[in-house]
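Notes follow once the structure below has been shown.
The values are calculated or read from the model by the stated rules, or taken from the named source; none is laboratory data. For clarity, every value in this text was computed on a predicted model and none was experimentally measured. Virtual Cβ from ideal backbone geometry, glycine too; neighbours counted across all protein chains shown. When the accessible area is computed, the model is the full protein with side chains, heavy atoms only, and any ligands, DNA or RNA have been set aside. Shrake-Rupley method; radii C 1.70, N 1.55, O 1.52, S 1.80 Å.
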Amino acid sequence: MSIQTVEDTKVKAFPVKPAEVIAFTAKARRRIDLLAIAGKLATALVPPAVVIILLLVVWQVACSSPTASLPPPSQVWNEAYDLIAHPFFDNGPQDIGLAWRVLISLQRVAIGFGMAAVVGVALGALVGQSVWAMRGLDPVFQILRTVPPLAWLPLSLAAFRDSNPSALFVIFITSIWPVIINTAVGVRNIPEDYRNVARILRLNQLEFFVKIMVPAAAPYIFTGLRIGIGLSWLAIVAAEMLTGGVGIGFFIWDAWNSSRLPDIIVALAYIGVTGFCLDRLVAAAGAFVTRGTTAK
Amino acid sequence: MTAYLKLDHIDKSFARGGQVSEVLKDIRLTIDRGEFVSIIGHSGCGKSTLLNLIAGLTRVSSGAVLLEDKEVDSPGPERAVVFQNHSLLPWLTVYENINLAVSKVFGRTKSRAERHEWIMRNLDLVQMAHARDKRPAEISGGMKQRVGIARALAMQPKILLLDEPFGALDALTRAHLQDAVMDIHARLGTTMIMITHDVDEAVLLSDRIVMMTNGPAATIGEVLSVPLARPRRRIELASDRTFLRCREAVLKFLYERHRFVEAAE
């Protein structure tokens, strides 16, 4: 009996040690994970940071002479400091921070591009679904889509007699084509089997559109939306330069007229970063919505 | 007694660019309720076209498909199809795929709870209840086909049409699924029509085997009854006289009298 109890305590004593060991390895693993994350961040951030610093140095050197026509980065920093440091100031109707101006432009893009997305998907579905709609509409689309955004502006100003709806229309008409064309391709590529499933179930047009067509064509639709939102951001800046108002585009035009070159450069940075974010936003939405659909 | 399903002098031809090609000619066949009929023939003989005609996915050129004396002119859930490549919607889970069919077919007649129970019962029938929340991409080919069968059965069809349902599967999975289909046929008594090019499969599963001649203008060459008692077990049948005789009859039809001439295509 006594021997047995000794054995028991021995047996009990053993599992304690491995438990300690596990605790140590867990800590070690966590540290390695942190290191790995830091390493990944470094590989993602260091190269672009180096390139940007190099570009700034080259720019500074190139524009440092007194006869240079463009301001060097140091001058931009000094003269446009309040624009860089305080994006959200608000000192009255025409004196507001750049973030406000970007938001106003984004609001226009949201309305114009939102309409383009809805109408574009609907028209794309029609063109993709019906052979006759494609034969009739596709040539028209192919011609109209090559018209540059600003070429539409005089016509829309004449039609709407107001700058804000004109700007919205320019965004709409610029961004709708890739949405239509990509949706049509996606709808045309819906496998025949999915259509047969829908026919056997006797899905009506609306059910087919919502339950089969949109999810099946979603990867294509989002490709179109991504191109479309890039184009609409291009168009809004150009349209605002001509129509006025308080958007970021008009700010650039205004700064040019009062020879504030550093302000223009800061505005360009804002536009670029915003456009990049928009693109990533639509891409992320697409990746989220179409998860699992691409794999067969 | 009138037949459950009647194929009445069916012709089918396709017109393409002014050229008319005759695919099926003078198909006459009656199928009784609860029967399991296989249609076998070489590739290109129009057996898939014949199945599509019964499903209503394609229209007949002349003649008629009659189900319970009513003419079939469009697809519908009472003639559910199990497709060769399963055709599950990849953005829906297994459960949602079947729910799409069930809510469309029984949306008005069954309550939400009844529909849920009905979906789960059909998933149980093909032993796939454990994978209800998986997407088609996450399950194997055999499992996808099981779900495809469950979706078709969930429509509570008068006739289940199987278009080479096991063609894309490996031999072992195929055997499992054949057993599953035999089991379902025995339990539910659903009338089934299966397209196949596998002689053993046809003899094992069928009450009758419809043998098609080669195209163009293919027709039914011969109909063989398989007088084997059910339930059938593949291991016992491997040395069964009747099984071997049926198998030989189909093989002789396919490879002696109606040999497939590749060059003719």
- Note on the structure: By the Cα gyration tensor axes a ≥ b ≥ c (a/c under 1.5 gives rounded; else a/b larger than b/c gives prolate, otherwise oblate), the shape of segment A:153-270 is prolate
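Sorting B:Glu138, B:Glu114 by accessible area (1.4 Å probe), largest first, what list results? Please report the intermediate quantities before stating the final value.
Values: B:Glu138 115, B:Glu114 90 Å².
Order by accessible area, largest first: B:Glu138, B:Glu114.
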- Query: Leaving out ligands, DNA and RNA, what percent of the accessible area of chain A is carbon and sulfur, probe 1.4 Å?
  - Reply: 71 percent
- Item | For B:Val81, residues with placed amide H under 5 Å, excluding near neighbours | B:Leu161
- Alpha carbon centroid spacing (whole Å) that separates segment A:123-170 from segment B:205-265: 61 Å
- Task: May I ask which of B:Lys70/B:Lys252; A:Lys211/B:Lys158; B:Lys6/B:Lys134; B:Lys47/B:Lys104; B:Lys25/B:Lys144 have a Cα-Cα span longer than 32 Å here?
- Result: B:Lys70/B:Lys252; B:Lys6/B:Lys134; B:Lys25/B:Lys144
- Note on the structure: Classified through the alpha carbon gyration tensor (a ≥ b ≥ c as square roots of its eigenvalues; rounded if a/c is under 1.5, else prolate when a/b is larger than b/c, else oblate), the protein assembly as shown comes out oblate
- Message: Restricting to bridges with both residues inside the protein assembly as shown, how much of the DSSP beta-bridge set is antiparallel, in percent to the nearest 5?
- Response: 55 percent
- Any idea what the dipole of chain B comes to, in debye rounded to 20, about its Cα centre with Lys/Arg Cβ at +1 and Asp/Glu Cβ at -1? 540 debye
- Item | Residue-level accessible surface for A:Cys277, protein heavy atoms, 1.4 Å, Å² | 70 Å²
- Query: What is the ratio of the Cα radius of gyration of segment A:210-260 to 2.2 N^0.38 Å, where N is its residue count, to two decimals?
  - Reply: 1.78
- Determine how large the accessible area of B:Arg234 is when every protein chain is in place; take a 1.4 Å probe and give Å² rounded to the nearest 10. 80 Å²
- CD proxy at 222 nm, helix term only [per DSSP H run n ≥ 4: -39500 (n - 2.57); per residue of chain A; nearest 500]: -27000 deg cm²/dmol
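Over segment A:25-127, with the other protein chains present, what is the accessible area per residue in square angstrom, probe 1.4 angstrom?
Computed with neighbouring chains in place, this is 67 Å² per residue.
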- Task: Send over a whole-number figure in Å² for the accessible area per residue of segment B:133-265, probe 1.4 Å.
- Result: 47 Å²
- Message: Counting only protein heavy atoms and a 1.4 Å probe, tell me what percentage of segment B:129-265's accessible area is made up of carbon and sulfur.
- Response: 50 percent
- Other chains' Cβ within 10 Å of A:194-206 residues: what's the mean? 6
- Query: Accessible surface of B:Lys158 in the full protein assembly, 1.4 angstrom probe, to the nearest 10 Å²?
  - Reply: 70 Å²
- Heavy-atom accessible surface, probe 1.4 Å, ligands and DNA/RNA ignored: which residues of segment B:90-110 lose at least 30 Å² versus the isolated chain? B:Pro90, B:Trp91, B:Leu100, B:Lys104
- Task: For chain B, build the charge dipole from Cβ charges (+1 Lys, Arg; -1 Asp, Glu) around the Cα centre, then report which of B:Leu162, B:Ile184, B:Thr219 sits farthest towards its positive end.
- Result: B:Ile184
- Query: If one computes the Cα centroid of segment A:230-296 and of segment B:78-120, what distance in Å separates the two points?
  - Reply: 45 Å
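Dipole size in debye (nearest 20) for the protein assembly as shown around its Cα centre, Lys and Arg Cβ +1, Asp and Glu Cβ -1? Provide the component values of the computation, followed by the final result.
Details: 59 positive and 50 negative charges, 199 e Å.
For the protein assembly as shown, the charge dipole is close to 960 debye.
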- Item | Protein heavy-atom accessible area occluded, B/A pair - total, 1.4 Å probe, Å² | 2000 Å²
